1. Would you mind stating whether ASP28 is exposed (fewer than 10 other Cβ atoms within 10 Å of the Cβ) and either touching a helix residue (DSSP H, G or I) at 6+ places or on another chain (Cβ under 6 Å) or assigned to a loop (DSSP other than H, G, I, E, B) (or both)?
2. Under 6 Å by Cβ, and 6 or more places apart or on different chains, what pairs join a residue from the stretch 38-52 that is acidic (Asp, Glu) with one that is open to solvent by 40 Å² or more (accessible area, probe 1.4 Å) and outside any helix (DSSP H, G or I)?
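The values are calculated or read from the model by the stated rules, or taken from the named source; none is laboratory data. The structure displayed is predicted, hence computed values, not measured ones. Cβ placement follows ideal geometry from the backbone for every residue including glycine, while neighbour counts extend to all protein chains displayed. Ligands, DNA and RNA are excluded from the accessible area calculation, which covers all protein heavy atoms including side chains. Shrake-Rupley method; radii C 1.70, N 1.55, O 1.52, S 1.80 Å.
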Amino acid sequence: MKTAIAIFVKTPGLSPLKTRLAATLGRDKAEEFYRLILRSIENTLSELNLSAFWAVGEPEGLHDPLWNSFSKMHTGD
């Protein structure tokens, strides 16, 4: 049996990100932080022996190159 994990994500530019953080730091800094978090998650999961999936919140976000590192799926409504 192989272990898998799905990481629920929103695509920058398609959905609001880190809204409470953006309220104090601004949208650009909040998005920069979000992207840093994603890279950290990506790096950590790449080192583990499991299947990782991006569970993308927006159907049109599935085509964003940001999600090319793992398999991806739409979270659905």
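1. No, not satisfied.
2. Qualifying pairs under 6 Å: GLU42/SER69.
Matching residues to (1) outside any helix (DSSP H, G or I); (2) touching a His at 6+ places or on another chain (Cβ under 6 Å); (3) open to solvent by less than 80 Å² (accessible area, probe 1.4 Å):
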position: ILE5; (1), (2), (3): yes, no, yes
position: LEU17; (1), (2), (3): yes, no, yes
position: ARG20; (1), (2), (3): no, no, no
position: LEU45; (1), (2), (3): no, no, yes
position: LEU48; (1), (2), (3): yes, no, no
position: GLU60; (1), (2), (3): no, no, no
position: LEU66; (1), (2), (3): no, no, yes
position: GLY76; (1), (2), (3): yes, no, yes
